């Protein structure tokens, strides 16, 4: 069992390495994408600076906004560096590209997740760390931020996996499911305080933004270890749930004979 | 010498539920609220055994159930009914365990990373099969010698020709020394020279490594040159399971006669003779030798008026096509 996990880990690292190498083939394009993403994210902060300067901002502080953006951008970035392949699941399921992974003695989901990477995601990750450390430049903030960027990346990848696993049951949901996968990034850059009622419940259940960003921000602001523990436990739950859903769907996979290339 | 079955298929079936939609926008709306489904039996109660070291052609027309069967044998698809045991393992239950014992090449689907060189791909595939670094290096050297990859082993896959890519696909699928190699249309889209090279390589693998070869192809050349046994399926059922020798012997009851005459001959279709081509002084006839002998046909043409004659067997392609048609009826 331990050897199996060790071997899977070794292959996953190799897969991530090759995916990153692919994205860096054109160095100038890579650096430009990273820089543009950094600038694009920064422009949203300017928006918040303006909002906070004209409003009372009783429940909001610039520090909270910086943490929010930092964790969200970092988690999104890391998720798209390591697990970007989950976004390709619809294409793999519909065009029969899972075949190549099913004949290999490794986890299909992990192999697919680590088979792709996004160039601009490096910009998100760098930006995430930069913003968090601007808000609170300390070792403890760096450690907490690293923990929550990792848990957030895993939760987000699991959420996308669960959504796309529904396509095994009916490919007609493709557009709907793709829209749903974008919800965490849309809501995750606004503070928790502005949401209430059913919407807030949804953000802590079906769309787990609460666990990706809201609870981590609370930990960064209050240093509450118990909340950190809840986030870690929820991450484990999401991993198990994503694997269960994907494997259930895999049994219904029908493959196709369309021509494909792994590019 | 006793034979060992490496593949045992017992009453294997696979059905697909296919959604049917009426035409037009109205049909699309109707299918949302009142969907209609059709059950398609892709593989229907198929039973078959393959011996260790055999090279078997598993052929049939499009939609016959070949690829579905291969996908069930490799663990990609789960059977609806029945069971398959491949190298002592049930693919539906132990997919990962089976993967160590089989290799697959799907001519229509690539497994290699195109931005990596074949060498890096082999290293990656070696890691997938838990081989140690020195084992991978040794295996790459072996495959390099057998499949002659030296010239392009360090060129990114995206820059290789189709023939070179297929050679690399085959090499990658052999990195872990599989007992069985499943080849689904391995020569699709290749030119005749490259096709021939691939066939030689497949033969060599079977001889040198004792690998069992399970081949599907629409290319009669692949089947004729590689396989000693032919299994034909249609509508998900086995319609013929015989040796290549018997197939040719039993079904070669037609001869093709091509003649060039001094003057035009008026010949009509009659029992046992079918005129395939009649253009000025050239004739092409198909003779059913069970009804008419070749000698009788030549007499009919008048030997004094023949300038040139060529008598050949009916191409294997036609024989297989006739079996397909016969099984449909």
remark   = Under a Gaussian network model of chain B whose springs join Cα atoms within less than 10 Å, the largest fluctuation of B:272, B:27, B:60 belongs to B:27
query = Which of A:147, A:229 comes first, and how do the rest follow, when ranked by fewest Cβ neighbours within 10 Å?
reply = A:229, A:147
message = Semi-axes of the equivalent ellipsoid for region A:140-258, please: Cα gyration tensor eigenvalues, times 5, square-rooted, ordered largest first, whole Å.
response = 30, 16, 11
ask   = What angle do you read, to the nearest 10 degrees and between 0 and 90, between the alpha-carbon axis of helix A:62-82 and the longest principal axis of chain A?
value = 10 degrees
query = Which order results if A:144, B:324 are arranged by neighbouring Cβ count within 10 Å, fewest first?
reply = B:324, A:144
query = Any idea what angle helix B:118-128 forms with the longest principal axis of chain B, computed on alpha-carbon atoms, 0 to 90 degrees, nearest 10?
reply = 60 degrees
inquiry  = I need the shape label for region A:106-207. Rule: rounded when a/c is under 1.5, else prolate if a/b > b/c, else oblate, with a, b, c from the alpha carbon gyration tensor.
reply    = oblate
key: chain B, relative contact order in percent, only Cα pairs under 8 angstrom and at least six apart counted   = 18 percent
request  = Please average, across the residues of B:89-97, the number of beta carbons from any other chain that are within 10 Å of each residue's own beta carbon, and give a whole number.
outcome  = 2
query = Quick one: what does P(r) look like for region B:1-113 with 5 Å bins over all Cα pairs, in whole %?
reply = 2, 10, 16, 19, 17, 11, 9, 7, 5, 3, 1, 0, 0, 0
request  = For chain A, set up a Gaussian network in which alpha carbons nearer than 10 Å are linked by springs, and say which option among A:190, A:76, A:156 fluctuates the most.
outcome  = A:190
message = Need one number: nm distance between label points at residue B:321 and residue A:229, each 7 Å from Cα along Cα→Cβ, rounded to one decimal.
response = 7.6 nm
ask   = What nm distance separates the two modelled labels at residue A:88 and residue B:293, each placed 7 Å from Cα along Cα→Cβ?
value = 6.7 nm
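Counting partner chain Cβ atoms within 10 Å of every residue's Cβ in B:109-117, what's the average?
For this peptide, the per-residue mean of nearby foreign Cβ atoms is 6.
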request  = Could you please state, rounded to a whole Å, how far the C-alpha centre of region B:167-219 is from the C-alpha centre of region B:277-304?
outcome  = 41 Å
request  = Can you check how the C-alpha radius of gyration of chain A compares to 2.2 N^0.38 Å, as a plain ratio?
outcome  = 1.04
task = Mind giving me the nanometre distance, one decimal, between the label points for residue B:208 and residue B:275, set 7 Å out from Cα along Cα→Cβ?
result = 5.5 nm
inquiry  = Nearest 500 deg cm²/dmol is fine: what mean residue ellipticity at 222 nm does the protein assembly as shown get from its DSSP H runs of n ≥ 4 alone, each adding -39,500 (n - 2.57), divided by its residue count?
reply    = -16000 deg cm²/dmol
request  = May I ask you to work out the translational diffusion coefficient for region B:253-313 at 25 °C, viscosity 0.890 mPa s, via Stokes-Einstein with Rh from the Kirkwood sum over Cα pairs, reported in whole µm²/s?
outcome  = 216 µm²/s
Whole-Å distance, taken between Cα centres, linking region A:90-166 and region A:23-37 = 19 Å
query = With N residues in chain B, what two-decimal value do you get for its Cα radius of gyration over 2.2 N^0.38 Å?
reply = 1.23
inquiry  = Taking 8 Å as the Cα distance limit and 6 or more residues as the minimum spacing, I'd like the relative contact order of chain A as a percentage.
reply    = 26 percent
task = Please work out, to two decimal places, the log10 of the ratio I(q)/I(0) at q = 0.09, 0.10, 0.12, 0.15 Å⁻¹ from a Debye calculation in which every Cα of region B:77-208 carries one identical scatterer.
result = -0.27, -0.33, -0.47, -0.73
ask   = Separation of region B:239-272 and region B:56-127 by C-alpha centroid, Å?
value = 39 Å
query = Can you work out the FRET efficiency for the pair residue A:173 and residue A:194, with r the C-beta to C-beta distance and R0 = 30 Å, to the nearest 0.05?
reply = 0.55
ask   = Rounded to the nearest 0.05, what FRET efficiency do residue A:61 and residue A:202 have when you use their Cβ-Cβ distance and R0 = 45 Å?
value = 0.95
remark   = Mean Cβ-within-10 Å packing, highest first, puts peptides B:124-131, A:241-248 in the order B:124-131, A:241-248
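Over all directions, the average projected area of the alpha-carbon convex hull for the protein assembly as shown comes to how many nm²? Numbers along the way, then the final one.
Numbers: hull surface 148.9 nm².
In nm², the orientation-averaged hull projection of the protein assembly as shown is 37.2.
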query = Counting other C-beta atoms within 10 Å, which of B:149, A:226, B:77 has the fewest, and how do the rest follow?
reply = A:226, B:149, B:77
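What average count of beta carbons from other chains do you get within 10 Å of the Cβ of residues in A:101-114?
Counting Cβ atoms of other protein chains within 10 Å of each residue's Cβ and averaging gives 4.
Values quoted throughout were computed directly from the atomic coordinates according to the rules given, and no laboratory measurement underlies them. Owing to the predicted nature of the structure, the values given are computational and were not obtained by experimental measurement. Note that each Cβ is placed from the backbone with ideal geometry, even for glycine, and that neighbours are counted across all protein chains shown.
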